[in-house]
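**Student:** Sharing a structure, written as structure tokens. Questions coming.
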Amino acid sequence: IADGVSNAINKFQFGLLNFFKYINKTLEVATNKNITICIENMPERINRIGWKPEEIEWILKKYDKQLYMTLDFAHAKHHIEEFLDRVIDYIKHTHISGVINNKDHFPLRKSEIDFSPYVKTLLDYGYKGMFNLELDDRRLGKNPITKEEKIEEVIKDIEFLESIV
């Protein structure tokens with residue numbers, strides 16, 4: 001068991017080292033071209049970098065005012081309030097969708113998690129960025145779904161988001 005744990009830790013550390021090499025190079029190029037780079041919080045998975053609010057905060061503070069955040073509401077799920085508490089100053093972009101049975105990218109208006117108060121908190125804080133709706137065709141129940149049906153789903157979610165703001 002100890003060897004398995006040790007191997008897992010070594011793989012995670014190697015992944016973290018490569019992650020920081022990638023971020024460093026990306027920021028070097030972006031800075032020279034006046035491009036803003038955001039890191040997105042990831043869905044919760046073992047050995048995945050960037051799903052814990054404290055981990056994202058640590059990364060963002062390490063690159064203070066060089067690296068910003070794309071807050072994915074559905075990936076954050078029940079940690080959304082902690083993300084806002086820890087990193088609201090760094091949020092430059094958002095992704096938003098509904099969550100059903102702990103799965104992401106459902107229609108926002110059908111979400112089991114009410115993100116409305118968090119959208120309002122972000123706006124009250126002065127957020128002026130986009131809300132990028134994410135919708136997975138496979139989450140709509142009918143396969144295949146027509147282009148018109150997809151458009152209707154997006155319109156309904158836009159109207160729902162507008163009712164929040």
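**Student:** Out of region 32-56, which residues are at pLDDT 90 or above, in a helix (DSSP H, G or I) and not charged (D, E, K, R)?
**Tutor:** Within region 32-56, Pro53, Ile56 meet the criteria.
**Student:** While we're on this one: Among the residues of region 76-105, write down those that are part of a strand (DSSP E or B), open to solvent by less than 60 Å² (accessible area, probe 1.4 Å) and touching a Phe, Trp or Tyr at 6+ places or on another chain (Cβ under 8 Å).
**Tutor:** Ile91, His93, Thr94, His95, Ile96, Gly98, Val99, Ile100
**Student:** Another question, then. In region 49-75, which residue that is closer than 19 Å to Val99 by Cβ and open to solvent by 30 Å² or more (accessible area, probe 1.4 Å) is nearest to the chain's Cα centre (by Cα)?
**Tutor:** Trp51
**Student:** Would you check which residues across region 106-129 are touching an Asp or Glu at 6+ places or on another chain (Cβ under 8 Å) and open to solvent by 40 Å² or more (accessible area, probe 1.4 Å) and list them?
**Tutor:** Arg109, Tyr118
**Student:** Could I ask something else about it? State the number of residues belonging to region 18-48 that are open to solvent by less than 80 Å² (accessible area, probe 1.4 Å), closer than 23 Å to Glu134 by Cα and among the hydroxyl-bearing types (Ser, Thr, Tyr).
**Tutor:** Counting residues in region 18-48 that are open to solvent by less than 80 Å² (accessible area, probe 1.4 Å), closer than 23 Å to Glu134 by Cα and among the hydroxyl-bearing types (Ser, Thr, Tyr) gives 0.
**Student:** Quickly run through region 99-149 and pick out the residues that are among the hydroxyl-bearing types (Ser, Thr, Tyr) and within 14 Å of the chain's Cα centre (by Cα).
**Tutor:** Tyr118
**Student:** Quick one: would you say Asn132 is assigned to a loop (DSSP other than H, G, I, E, B), polar (S, T, N, Q) and open to solvent by 40 Å² or more (accessible area, probe 1.4 Å)?
**Tutor:** no
**Student:** Consider region 135-165. How many of its residues are of a type in the set (Gly, Ala, Ser) and open to solvent by less than 60 Å² (accessible area, probe 1.4 Å)?
**Tutor:** So the count comes out to 0.
**Student:** Going by the conditions given, is Phe83 in contact with a Ser or Thr (Cβ under 7 Å, 6 or more places away or on another chain) and not aliphatic (A, V, I, L, M)?
**Tutor:** No.
The values are calculated or read from the model by the stated rules, or taken from the named source; none is laboratory data. These numbers come from a predicted model, not from an experiment. Positions of Cβ are backbone-derived with ideal geometry, glycine not excepted, and every protein chain shown enters the neighbour counts. Ligands, DNA and RNA are stripped out before the accessible areas are found, and what is left, the full protein with its side chains, is counted by its heavy atoms. Shrake-Rupley method; radii C 1.70, N 1.55, O 1.52, S 1.80 Å.
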